[in-house]
Amino acid sequence: MIRDLTKIKMTNITAAEVNKLRKMTGAGMMDCKNALVEAEGDYEKAIDILRKKGQKVASKRADKEANEGIVIAKTTTDKKFAALIMVNCETDFVAKNKEFVTFANDTLNQILISKPKSAGEAKSLPLNGRTVADGLTDLIGKTGEKMELSGYEFIEAGKVFAYNHQGNRLATILGFNKENGSDEAGHQLAMQVAAMSPVAVDKEDVPQTVIDKEIEIGMEQARQEGKPENMLEKIAVGKLNKFYKENTLLNQDFVRDSKMTVGQYLKQVDSELKVTGFKRMMLGS
């Protein structure tokens with residue numbers, strides 16, 4: 001008898017009703033039909049059912065690896081604020097899904113409006129009548145994959161720049177101290193950051209923990225090479241200078257012209273132009 005009643009309810013759910021719920025939620029046709037059947041045609045209840053499904057899937061997929069996704073960067077129209085986000089999923093197929101890409105871009109656009117100070121704040125931003133976090137949970141329910149807003153960085157400066165590498169697996173943002181900073185220089189340096197992955201703008205910006213680690217590694221390498229114990233620190237400091245050249249933006253060889261450093265290139269453009277900071281994100285790093 002129960003089965004017969006279920007069949008009756010299913011026949012009362014029309015294709016038009018299913019399509020209406022699909023347009024409201026973006027969920028699949030069968031998911032919408034099943035939700036409407038369970039909710040006995042009540043749209044609000046059906047939406048709650050679909051959302052709960054997303055929460056259940058998210059809980060079940062919590063221990064899965066989500067190494068694919070999208071990395072995108074944008075600036076505000078006044079070029080005073082730049083933001084960079086990474087949204088992860090499990091497969092490249094979903095990463096290229098139109099709805100997933102749209103969600104990431106809509107989230108970033110909302111970030112540019114609201115300028116949150118942390119990833120936690122970003123997840124709480126309003127998006128399509130709900131929050132970014134809720135929207136992500138809904139997507140999880142639709143795709144069956146683990147997803148997360150795993151990275152958020154921003155820069156506020158006199159003038160900011162954003163670079164998105166082809167394929168949206170790598171992006172950077174960078175700031176200049178001057179409002180009239182060269183667009184060409186900003187673009188070139190944002191690409192330099194993408195290509196060469198510096199750890200800091202200049203030597204003095206390298207965290208002390210990184211310096212200590214590099215000295216420790218340098219000393220151990222010299223020890224393995226049989227160098228005298230009293231010379232180890234001096235040798236390690238010499239290696240540190242090489243580290244600065246390879247890993248600080250202004251001391252790196254300029255990718256477009258290896259005969260000069262990035263710092264020398266910047267001085268040629270404008271002797272008063274300075275990089276205030278940069279951020280870089282790449283899938284899998």
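Every number in this text was worked out from the coordinates using simple rules, so none of it is lab data. As the structure is a computational prediction, the values presented were derived from the model and not from experiment. Don't worry about glycine lacking a Cβ; one is built from the backbone with ideal geometry, like all the others, and counts go over all protein chains shown.
For helix 29-38, report the angle its Cα long axis makes with the longest principal axis of the Cα atoms of the chain; keep it between 0 and 90° and round to the nearest 10°. Relative to the chain, helix 29-38 is tipped by roughly 50 degrees. The order of the peptides 76-88, 30-42 by mean Cβ neighbours within 10 Å, most packed first, is 76-88, 30-42. Of the cross-linked pairs Lys117/Lys146; Lys203/Lys227; Lys242/Lys274; Lys80/Lys178, those separated by over 19 Å at the C-alpha level are Lys117/Lys146; Lys203/Lys227; Lys242/Lys274. Taking the Cβ-Cβ separation of Gln268 and Met196 as r and a Förster radius of 25 Å, what is the calculated FRET efficiency to the nearest 0.05? So the FRET efficiency works out to roughly 0.85.
Once the Cα-Cα distance is subtracted from the 0.36 nm per residue extended length, the Glu99 to Asn241 segment shows a gain of 46.4 nm. With the charge dipole of the range 56-189 set up from +1 on Lys and Arg Cβ and -1 on Asp and Glu Cβ about the Cα centre, the Cα lying farthest toward the positive end among the listed residues Leu174, Ala83, Phe161 is that of Ala83. Report the calculated FRET efficiency for Ser258 and Ser124 (r = Cβ-Cβ distance, R0 = 45 Å), to the nearest 0.05. Rounded to the nearest 0.05, the efficiency is 0.50. The stretch between Glu44 and Lys213 holds 55.2 nm of extra length on full extension. This uses 0.36 nm per residue minus the Cα-Cα distance.
Toward the positive end of the charge dipole of the chain, with +1 on the Cβ of Lys and Arg and -1 on the Cβ of Asp and Glu, the farthest Cα among Leu273, Met147, Ala15 is that of Ala15. What angle, in degrees between 0 and 90 and rounded to the nearest 10, separates the Cα long axis of helix 183-196 from the longest principal axis of the Cα atoms of the chain? Here the helix axis deviates by roughly 90 degrees.
The three principal axes of the C-alpha atoms in the range 203-271 carry coordinate ranges of 46, 24, 15 Å, sorted with the longest axis first.
Overall shape: prolate for the range 150-232, with the ratio a/c of the largest to smallest alpha carbon gyration tensor axis at 1.5 or above and a/b above b/c. For His187 and Glu229, a Förster radius of 41 Å and the Cβ-Cβ distance give a FRET efficiency of 0.25, rounded to the nearest 0.05. Helix content alone sets the calculated 222 nm mean residue ellipticity of the chain: runs of n ≥ 4 DSSP H residues at -39500 (n - 2.57) each, divided across all residues, give -15500 deg cm²/dmol. The Kirkwood hydrodynamic radius of the chain, based on inverse pair distances between different Cα atoms, is 22.1 Å.
Say the dipole of the chain comes from +1 at the beta carbon of Lys and Arg and -1 at that of Asp and Glu; which of Phe93, Met196, Ser118 then lies farthest toward its positive end? Of Phe93, Met196, Ser118, it is Phe93. Under the convention that each Lys and Arg Cβ holds +1 and each Asp and Glu Cβ holds -1, the size of the dipole of the range 72-155 around its Cα centre is about 300 debye.
What size of dipole, in debye to the nearest 20, comes out for the chain about its Cα centre when the only charges are +1 on Lys and Arg C-beta atoms and -1 on Asp and Glu C-beta atoms?
Rounded to the nearest 20 debye, it is 740 debye.
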